[in-house]
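Following: one structure in structure tokens, then a few remarks.
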Amino acid sequence: MVITPPTFDSERQRQIFSFFVTCTSSVTSVYYSSDFWSRLVLQLSLSEPAIKYALCSLGALHRMFRASQKANPDGTAIEFQNYSLSQYNLAVKCTQRLLAQSSSGDSDLVVKGLVACVLFVCYENLVGNYRAAQMHLQNGLKILPRAVDGHGKQSPTVPDNIVQVLNRLDLQAMSFADSEAPYPYHLGQSLSMPTSSPSFSYIRDATDHLIETFRWIFWLAASSEPNPIPQWQLDATSTVLQQWANEFDRLAPFLPTDDRNTIVLLKMYHTTMTIMIATGLYGQESLHDEYHGLYEHIVALGKALFDQQRAAGSMDGYIFCFETGIIFPLFFVAIKCRHLLIRRQAIALLKTADHQEGTWESVAAAKVAEFVMGVEEENLPQGAGSEQVLESARVHLVNISANTERRRIDLSCLLRTSEEDSWYFREGTVFY
């Protein structure tokens, strides 16, 4: 597709925009074959300055992250960081005008406002302003119901790819629980259980249904806390997952090779959710020992995905994207699977992945997982298996507070005493 570029303020801005078009928009679609990044945002940037500035801001951030990956980083990364901030500020200023105009209900202005909202979420996630990212995300999600007709269908004025990106960013926010900016479940809309009789014609149908189910699981856990999730809801969700697998198995043989990354990623997500529901999410941690086979499957899928990316030449040692990808399922394995080998394989993949996926950074996730592993295995006899990790030594919950600028994470691990009548925290700090 040929993009006629917009009018630029400077040669530097033109170069950054070109970098976004040729590099950022393609690599950020590595997991989802969405034309949101490859077509929609580029088209809107031609007529809307807010979108142009936001894309240049994200392109400069991408350049900053790449510059910081060098063996001997220089001042280039700081220059890109400062330029990214200046472009972001211009985007915000233009968007304020855009939002004032969109109050008239003009559908084109609403679409542009939603796209700007998505881009702002991505920017704030990458610079570690998670509270601001939550604010932009919730604002975008609140706009969507206004564009729903009386039959419950999305208005054609809001393209499906915008809704899909917002839902995936919502899942990312749920999965990444920074203690300084916890997910505002009390502000969000109540989610309902997805249909247990799905029908998929395309990979996007399967993706949308599974993302919806994943969001439902996080919402279900939060709405039930501190009480256990009712068994009937766990059983019903398990049925949804099984029906998804049946329908996906029917669809998969007919999917093109371009969807191979998405196929593997969806299988990783589905297996992760299967374990979460089977163990009751916040149940006895020793229940996870019954699912070593599924944990091993997630790690094998992760390795297969990396191999596919290398074979396709899409992995030059660093993957930068705005949406959730492979890091969360591998991190889940690393903190919940106590099998010594499988857990270490997951951590090793995170270390070598060198992925930046919105809020998630693979090296940081590996460091947190290593800390959790150290807490659980500190009194483990030499050569012991996972069954010898006592329930009282197992971490139930990990709270983190990340400082991306200092590349520091403060964390606290929630454990239960051997008498199971009280809880306590083990705290620490990791650098990455």
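Just so you know, all these numbers are worked out from the coordinates, no wet-lab data involved. All values derive from a computational prediction rather than experimental measurement. For neighbour counting, all protein chains shown are included, and Cβ atoms are generated from backbone atoms with ideal geometry for every residue, glycine included.
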Quiz prompt | Cα convex hull of the stretch 307-432, projected area averaged across orientations, nm² | solution = 8.7 nm²
Quiz prompt | Candidates Asp421, Asp205, Asp106, ranked by Gaussian network fluctuation over the chain, Cα under 10 Å, top entry | solution = Asp421
Quiz item: For the chain, taking Cα atoms only, what is the radius of gyration to one decimal and the Dmax to the nearest whole Å?
Solution: 21.7, 69
Self-check item: Residue-count net charge about Thr95 - beta-carbon cut-off 11 Å; Lys, Arg +1, Asp, Glu -1
Solution: +2
Quiz item: How many percent of all Cα-Cα pairs in the stretch 277-343 sit more than 17 Å apart?
Solution: 50 percent
Quiz item: With a sphere of radius 13 Å drawn around the Cβ of Pro198, what net charge do the other residues whose Cβ falls strictly inside it have (Lys, Arg +1; Asp, Glu -1)?
Solution: -3
Self-check item: Mean shadow area of the stretch 5-72 over all directions, Cα convex hull, nm²
Solution: 5.0 nm²
Quiz item: Based on Cβ point charges of +1 for Lys and Arg and -1 for Asp and Glu, what charge dipole magnitude is obtained for the stretch 1-170 about its Cα centre, in debye rounded to the nearest 20?
Solution: 160 debye
Self-check item: Cα radius of gyration and Dmax for the stretch 1-115 (Å)
Solution: 14.8, 52
Quiz item: Gaussian network model of the chain, Cα springs within a sub-10 Å range: biggest mean-square fluctuation belongs to which of Tyr130, Tyr31, Tyr318?
Solution: Tyr318
Practice problem: Round to a whole angstrom and tell me the spacing of the C-alpha centers of the stretch 185-212 and the stretch 275-349. | Solution: 22 Å
Quiz item: Can you give the angle from 0 to 90° between the axis of helix 107-127 and the longest principal axis of the chain, with both taken from C-alpha atoms, to the nearest 10?
Solution: 50 degrees
Quiz item: Distance in nm between label sites at Ile78 and Leu255, each 7 Å beyond Cα in the beta-carbon direction?
Solution: 4.5 nm
Quiz prompt | Rounded Å value of the spacing that divides the Cα centres of the stretch 73-118 and the stretch 157-180 | solution = 18 Å
Practice problem: Name the residue, out of Ala54, Ala369, Ala100, whose mean-square fluctuation peaks in a Gaussian network model built on the chain with Cα pairs under 10 Å. | Solution: Ala100
Quiz item: Placing +1 at every Lys and Arg Cβ and -1 at every Asp and Glu Cβ, with all other atoms neutral, what dipole size does the chain have around its Cα centre, in debye to the nearest 20?
Solution: 1140 debye
Exercise. Choose one of Phe322, His355, Ser386: the residue whose Cα lies farthest towards the positive end of the charge dipole of the stretch 315-397 (beta-carbon charges +1 Lys, Arg; -1 Asp, Glu; about the Cα centre).
Key: Ser386
Quiz item: Mind checking the angle between helix 203-224 and the chain's longest principal axis? C-alpha axes, 0 to 90 degrees, to the nearest 10.
Solution: 60 degrees
Quiz item: For the stretch 260-399, what is the charge dipole size about the Cα centre, in debye to the nearest 20, if Lys and Arg each add +1 at the Cβ and Asp and Glu each add -1 at the Cβ?
Solution: 320 debye
Quiz item: Taking the Cα centre of the stretch 1-170 as the origin and placing charges on Cβ (Lys, Arg +1; Asp, Glu -1), which of Leu40, Thr4, Ala100 is farthest toward the positive end of the dipole?
Solution: Ala100
